[in-house]
Structure formats: structure tokens, C-alpha cells
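Asks: Structure below; questions to follow.
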Amino acid sequence: MNRTIKQLIVVQMKEYWREPEVLFWTLGFPIMVASVLSLLYSFKPAVNYKAAIIEYHARTDSAIAKRNIPFTDTREIVIPGKSSRKISLERMTMQNAEKAYQSGKIEIIIEIKDGSTVQYYFDPANERTENLYLWIDHTVHENNDGIVSKIAPLSQRGSRYIDYLIPGLIALGIMNATLWGIGWTLIEFRIKKFLRRMIVTPMKKLDFMLSISLTRLLLSIIEAGILIIFAHYVFGVSMQGNPLVFAFVFLSGHVAFSGMSILMASRANNTRVANGLINIITMPMFLLSGVFFNYHSFPDWMITLIQYLPLTVLADSLRNVFLFGGGMANVIFPVSYLLTFGAVFYLLGLKMYRWY
Amino acid sequence: MTALKPEIPMIEVCDVVKSYKDQIAVNKVNFVINHGDYVALLGPNGAGKTTIIEMIEGIIKPDSGEIKIDGLKWAGNEKYLKSILGVSLQETRFMDKLTVQETLKLFSALYNTSHDRVDDIIRQTGLGEKKNSYVDNLSGGQKQKLAIGISLLNDPKILLMDEPTTGLDPQARREIWDILKALKLQGRTMILTTHYMEEAEYLCDKIIMMNSGNILAEGNLRNLLNRHAEGGIIEITAETEPNALALYDLINSINGLCQISEKKVYMKSATPVPLLKKILSLAEKNDIPVNNLQCRSMTLDDLFILMAGRHLHE
């Protein structure tokens with residue numbers, strides 16, 4: 001690493017550590033969010049809930065038919081008193097259902113043990129799923145007094161809400177660290193005429209951009225590291241996959257959002273514009289990309305769009321490695337997508353970039 | 001690095017034009033600056049001084065015309081030209097939470113100069129006591145000293161100082177002048193933009209007066225004043241503004257070259273003493289009290305008002 005880049009990184013790190021507000025928002029805030037949300041899983045209204053129903057044998061089928069349990073020939077339950085909200089049912093094996101539950105594609109698993117017992121699998125700490133269970137169970141009991149309901153808590157590691165949340169928070173941290181850290185810094189440097197002062201030195205523009213990006217990468221690694229250690233020791237969350245694959249996905253996310261940040265900051269020359277631009281970019285992804293709540297409750301046409309958002313791609317891929325132990329083969333396409341996305345935005349940004 | 005060639009002018013600006021949208025910022029400007037010259041670009045805001053400096057710095061390109069530094073154009077010579085230029089901008093805010101020394105170290109890395117240079121610059125600019133202070137905690141004068149210090153890190157042959165003392169108090173301004181004056185003894189070339197005539201008079205050998213993108217006059221201070229200002233300036237201060245206006249009308253009837261500014265009326269005259277006698281007698285006859293009366297040599301500001309019809313500091 002040449003001296004220019006090293007010195008640029010050193011001064012940016014110093015500037016970072018000397019701003020208490022920045023330290024709070026980048027290091028303290030994600031931990032606060034993780035703690036609060038794990039305790040108070042707030043309800044998020046959604047149009048469609050998704051549940052898995054475990055495939056059963058023909059013998060059980062006839063028993064169910066006798067009992068009038070409404071899962072045999074229907075794929076949808078309307079929530080009592082809330083006709084605009086429905087629960088879509090999908091038949092799958094227990095193994096697939098557990099995987100779908102961990103990745104947030106479904107919110108509850110229903111298993112019909114025999115003609116008279118219905119067993120529900122979900123995390124009881126998750127208030128939203130508990131409501132869902134109550135609605136479904138109410139439908140089940142409406143015309144079947146003899147049915148027994150049982151809850152099998154899914155509280156083993158990997159199945160809890162906190163397990164779902166941590167990779168999402170890491171993805172969110174990367175997005176915020178780059179868009180605010182790189183985008184905002186570049187705009188502020190321009191406003192202060194600091195960029196203008198630097199470009200009359202023999203500094204290479206690429207060195208400058210690299211230093212900004214590497215500084216934020218280092219800070220993102222520190223932020224994510226602290227969050228992972230915190231989640232491990234406090235909640236027992238641990239990574240199932242190869243840390244190197246996780247790091248590769250992490251890096252591709254950083255590249256994607258760095259490119260986006262440089263393009264976003266290429267023209268803006270006041271902080272209010274910067275603020276608006278960053279919020280416009282981050283808010284939809286913050287709400288839709290499944291960081292806090294799974295996005296499979298949205299209508300199908302929206303899911304198709306959401307799946308192409310860089311934060312969704314990043315969060316899903318991190319989750320894939322973190323929760324399911326996904327290897328390089330499982331993430332190569334999303335990683336390629338993120339790297340390409342970052343490279344295109346970076347080149348466009350550099351082409352349009354106004355240095356003063 | 002190519003050696004400087006003393007026989008070639010340090011800076012040549014030939015027929016340079018620069019416009020922003022439909023506004024002409026610099027209009028067919030020509031001048032030459034030789035080795036060791038200290039030159040002031042003097043003019044009010046919007047005169048085109050900063051645009052010229054930015055074109056010399058190579059960060060904006062002229063629409064037409066040519067700029068050569070040490071005989072070289074910017075295209076293809078960026079690295080060399082950046083290494084011989086020292087730049088201090090009109091206003092730069094450095095990183096607030098870096099100390100003076102850390103800021104200098106950063107720029108030392110950008111210029112690829114030795115660490116010893118940082119200590120030299122701290123000594124040269126008198127920032128020793130402040131070297132561990134955050135930039136945020138420096139006064140305006142100290143910040144400007146830091147900016148000048150940074151411009152000296154690469155031991156530049158040419159200094160481009162864009163309004164280095166604007167907004168500073170008289171003492172801080174004087175300290176900056178002393179630093180710049182000391183640099184002249186080291187044989188550097190400098191272009192200084194300013195709207196303070198006394199700064200130009202104190203520091204520079206040559207003055208280029210600009211207004212609305214055009215050069216009004218250029219030369220050394222004495223030549224300029226001798227060429228354009230024979231005689232002297234009479235300045236009369238009236239008791240009130242209506243009195244000044246009455247005095248202005250009175251003087252205008254006998255000498256059509258007077259100007260008024262609040263309570264002051266002043267005029268250029270090749271024969272100030274007889275004219276002064278005449279004005280005083282007319283004032284007495286018309287019962288217009290006069291508070292103060294001055295007969296003095298012409299300054300750059302007076303000359304600028306005569307040429308451009310406005311003050312330098314507007």
C-alpha cells in the first residue's frame with residue numbers, strides 16, 4: 001500500500017474516532033436495535049402471511065376429512081375479522097419447512113399429527129407469529145371442538161428471530177456505512193473545498209477514492225465484528241457457514257454500495273441534497289429488503305422487484321451463509337450481481353464526478 | 001524533474017477567455033509574469049481574478065486562448081506543473097478534528113515530501129505552539145497560516161495566493177504579509193489576488209487591475225499612478241449628507257470630475273491647490289460647513305474608482 005493511501009486512511013480513521021455522534025450511530029445504534037427488537041418484536045402489518053403445512057399420508061387425510069379441518073383442499077385462510085389479510089398455505093416436507101422458516105419465507109409451520117392433533121411450530125418470543133397462530137387455531141376450532149392444539153416452540157439456535165435479524169443488521173450496516181460514510185464524506189469534502197484543495201496536489205484521484213472506500217470497509221468490518229461478537233455472547237447466535245465465504249459476500253456488498261455512494265455523491269454539493277438522496281436510496285431498502293421482517297408477505301409482483309434490490313441480495317446471501325452454512329456455490333450469483341452493480345455505478349460515478 | 005528555465009516567462013496568459021453560461025468571467029486576458037515577480041491581481045468581487053487563478057492551477061480550462069507555466073501547457077505536464085505550484089485557496093476548511101501537524105503530514109504525503117518538511121513549515125509559519133491543536137480550534141489567521149504552510153510543503157517555485165487575508169484582522173493580516181514577504185527573498189514567483197490595495201502595494205512589484213473580466217491597467221505601482229494620476233486627490237468631508245450633496249453640486253459646476261460617497265466628496269485635480277481655494281471660498285459663500293479637508297496623493301483605490309467607477313472592495 002503506498003504512502004498516500006496509508007496516510008489518507010490514517011487521517012480518516014482519526015476523524016472518525018474523534019466524532020462521538022458518529023461512533024454512537026455506527027457502533028452503538030445497531031446493538032441497540034438488535035437488543036430492542038429481539039425483546040419487542042413489533043407487529044408489522046402485511047397483506048399476506050405465509051405458513052407451511054407438513055405433507056401427510058393418505059391415512060391421516062381421511063381422518064382430517066372426517067374432522068373437517070380446513071387444510072385439506074384449501075390454500076388460503078382468511079383471517080377472522082380481517083378479510084383483507086390472508087394466510088397462504090404451502091405443503092412441504094418438515095425439512096424444507098424448517099429451512100423456509102429460518103430464511104423468513106414462511107412464518108409458522110403447521111403439522112397435523114393425526115385426525116385430532118394439530119401441532120404448530122414457531123418462535124413464541126415472536127409476537128407477530130403468535131398472533132398468526134391464534135388466528136389459524138381459531139379457524140381450526142371453529143367447527144371442530146375435539147381437535148387438540150399443541151405448540152412446539154422453535155427456539156433452538158438458527159430458528160429464532162434474533163438469528164434472522166443479525167445478518168440483516170450486518171447488511172444494513174454495510175449500506176449505511178458506505179452511503180453515509182462515503183457519500184456524505186465526499187459531499188462534505190466538496191462543500192468545504194477540501195477536495196478542491198487536494199486535486200491541485202499530485203495525488204491520484206483513484207488513490208483518494210480507494211482510501212475512502214478502504215476506510216469505510218475497515219470501519220464496516222469493525223462494526224460487523226462487534227455486532228457478531230455481541231450476538232454470539234448475549235444471544236448465542238453463531239455462524240453456520242465458512243467465514244471466508246461470509247467475508248466474500250460482505251466485500252461484494254461493500255463494493256455494491258461503494259459504487260452507489262460514489263454515483264450518489266458525484267454531483268451533490270450541499271448537505272440537504274445529500275440527506276435527501278441518501279434517504280431516498282436507503283428508506284425503500286430499509287423497509288422492503290427483509291432486514292427486520294421477511295419480505296415474502298408482500299404481493300408476488302413486489303417480491304420479484306424486492307429480490308433485485310442490492311440490500312435484499314446482500315441480506316439474503318449473508319443469511320444463506322450465516323444461518324444455513326451456504327458455500328461459495330450458493331452465493332456466487334448474488335455476489336457476481338453485487339460486484340457488477342458496484343463496478344457499473346463506480347465507473348459512472350467517477351465519470352460524472354465533480355471534484356469541486 | 002525538468003529544471004526551471006529563467007529565460008522563459010514563469011507564467012504566460014495569452015488571449016484567454018472563459019465564460020460560465022452566458023456570463024463572461026474572463027475576456028481576452030493577456031499578461032506575462034517573470035521569475036521572481038510578485039504580482040497582484042487587483043479587483044473587486046466578480047472581476048475574474050479567481051477564474052484566472054483556477055485556470056493557471058489547471059483545474060478549469062479556458063474556452064479559448066492559452067496558458068503556459070514555465071513554458072509548458074497543462075496537457076501532458078500535469079505532474080511536473082503540480083509539483084512546482086503552491087496553492088492557497090480563497091477559503092478552505094480542512095478536517096476539523098485533525099491537528100495542525102496531522103494536516104501538514106497528510107498534505108506532505110500527497111506531495112510526497114519528507115517528514116522534516118512538516119517541521120520546517122511549522123517553524124516558517126509560526127504555528128509551533130499550535131501544532132497539536134485541532135484545526136477546529138484555530139483562529140482565522142492561524143487557519144490561513146496553515147493554508148499557506150500547506151502551499152509551501154512542496155517547496156513550490158510559483159505561489160498562487162487567492163485572497164489570503166480576506167476577513168482577517170489587521171494584526172493577522174500583517175503576520176501573513178510578513179510570511180509572504182519573507183518568501184520573496186527566497187526567489188519565488190507569486191500571484192496574489194486581493195481587493196486590498198495596501199496589500200498589493202506592500203507585497204507586489206507589479207499590479208494587474210481587473211474589472212468584469214477585463215484588465216484595466218497593469219504595471220508597477222509608481223508607473224501606474226504616474227501614468228494615470230497627475231496631480232492629486234482632494235477629499236472634503238461635509239457635516240451632513242445633505243451638505244455633502246450641496247457641496248457636490250457646487251463643485252460639479254466648476255469641476256466636472258468629482259464623486260460623492262456618503263458625507264465625502266472627492267475629485268482628481270492636476271492643480272489641487274488653486275482648486276481647493278476656490279472650493280473653500282464657494283462653500284463659505286453658500287454657508288456649507290466643511291468638517292475635514294484633505295489634499296493627498298492618488299492611491300490604487302482612487303485610480304480604480306476613476307477607471308471602473310467602483311471601489312476595489314465592493
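Asks: For region B:1-95, please list each of the strands (runs of 3 or more DSSP E) lying entirely inside it that holds at least 3 residues being of a type outside the set (Asp, Glu) and under 26 Å from B:ASN112 (Cβ atoms).
Replies: Correct list: B:64-69, B:85-88.
Asks: Taking the criterion of being closer than 27 Å to B:PRO44 by Cβ, crowded, with 17+ Cβ neighbours inside 10 Å and touching a strand residue (DSSP E or B) at 6+ places or on another chain (Cβ under 7 Å), would at least one residue in region B:273-286 satisfy it? Can you show your working first?
Replies: If we filter region B:273-286 for residues that are closer than 27 Å to B:PRO44 by Cβ, which is where we start, we get none.
For region B:273-286, residues closer than 27 Å to B:PRO44 by Cβ, crowded, with 17+ Cβ neighbours inside 10 Å and touching a strand residue (DSSP E or B) at 6+ places or on another chain (Cβ under 7 Å): absent.
Asks: Which members of region B:109-123 meet the condition of being surrounded by fewer than 14 Cβ atoms within 10 Å (Cβ to Cβ) and in a helix (DSSP H, G or I)?
Replies: B:ASP116, B:ARG123
Asks: Out of the residues in region B:113-128 that are within 14 Å of another protein chain (Cβ to nearest Cβ) and not aliphatic (A, V, I, L, M), state the one that is nearest to B:ARG174 (Cα to Cα). Spell out the reasoning first.
Replies: First, the residues of region B:113-128 that are within 14 Å of another protein chain (Cβ to nearest Cβ): B:113-115, B:117-118.
Of the ones still in play, those that are also not aliphatic (A, V, I, L, M) are B:113-115, B:117.
On the way: B:THR113: 29, B:SER114: 30, B:HIS115: 29, B:ARG117: 24 Å.
Per the criteria, the residue is B:ARG117.
Asks: I need the full set of residues from region A:122-145 which are of a type in the set (Phe, Trp, Tyr) and in a helix (DSSP H, G or I), in order please. Give the steps one after another, and end with the answer.
Replies: Pass one, region A:122-145, residues of a type in the set (Phe, Trp, Tyr): A:122, A:133, A:135.
The answer is A:TYR133, A:TRP135.
Asks: Next question, about the same structure. Out of contact with any strand residue (DSSP E or B) (no Cβ under 6 Å at 6 or more places or on another chain) and under 23 Å from B:ASP155 (Cα atoms), is that true of A:ARG197?
Replies: Yes.
Asks: Going by what's in this entry, would A:ALA256 be described as crowded, with 23+ Cβ neighbours inside 10 Å and modelled with pLDDT of 95 or more? If you could, list the steps in order and put the result at the bottom.
Replies: On the way: crowded, with 23+ Cβ neighbours inside 10 Å: yes; modelled with pLDDT of 95 or more: yes.
Judged against the criteria, A:ALA256 is a match.
Asks: Right, next: Kindly establish whether A:THR129 is within 14 Å of chain B (Cβ to nearest Cβ), touching a strand residue (DSSP E or B) at 6+ places or on another chain (Cβ under 9 Å) and not small (Gly, Ala, Ser).
Replies: Judged against the criteria, A:THR129 is not a match.
Yes or no, residue by residue, for (1) farther than 19 Å from B:LYS157 by Cβ; (2) not charged (D, E, K, R):
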site: B:ILE11; (1), (2): no, yes
site: B:ASP15; (1), (2): yes, no
site: B:GLY46; (1), (2): yes, yes
site: B:THR50; (1), (2): yes, yes
site: B:LEU72; (1), (2): no, yes
site: B:ASN77; (1), (2): no, yes
site: B:LEU81; (1), (2): no, yes
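Asks: Could you tell me which numbered condition B:GLN171 fails, if it satisfies all but one of (1) in contact with a helix residue (DSSP H, G or I) (Cβ under 6 Å, 6 or more places away or on another chain); (2) polar (S, T, N, Q); (3) surrounded by fewer than 19 Cβ atoms within 10 Å (Cβ to Cβ)?
Replies: All conditions pass for B:GLN171, except number (1).
Asks: Further, regarding this structure: When you check A:LYS99 against the structure, is it within 14 Å of chain B (Cβ to nearest Cβ), touching a residue at least 40 places away in the same chain (Cβ under 8 Å) and either under 20 Å from A:TYR49 (Cα atoms) or among the charged types (D, E, K, R) (or both), yes or no?
Replies: Working: within 14 Å of chain B (Cβ to nearest Cβ): no; touching a residue at least 40 places away in the same chain (Cβ under 8 Å): yes; either under 20 Å from A:TYR49 (Cα atoms) or among the charged types (D, E, K, R) (or both): yes.
No: the conditions fail for A:LYS99.
Asks: Specify which of the listed residues (B:LEU104, B:LEU72, B:LEU110, B:LEU81) is within 14 Å of chain A (Cβ to nearest Cβ), closer than 17 Å to A:PRO202 by Cα and touching a Ser or Thr at 6+ places or on another chain (Cβ under 9 Å).
Replies: B:LEU110
The values are calculated or read from the model by the stated rules, or taken from the named source; none is laboratory data. Please read these numbers as outputs of a predicted model, since none were measured by experiment. Cβ coordinates were reconstructed from backbone atoms using ideal geometry, including for glycine residues, and neighbour counts include every protein chain displayed.
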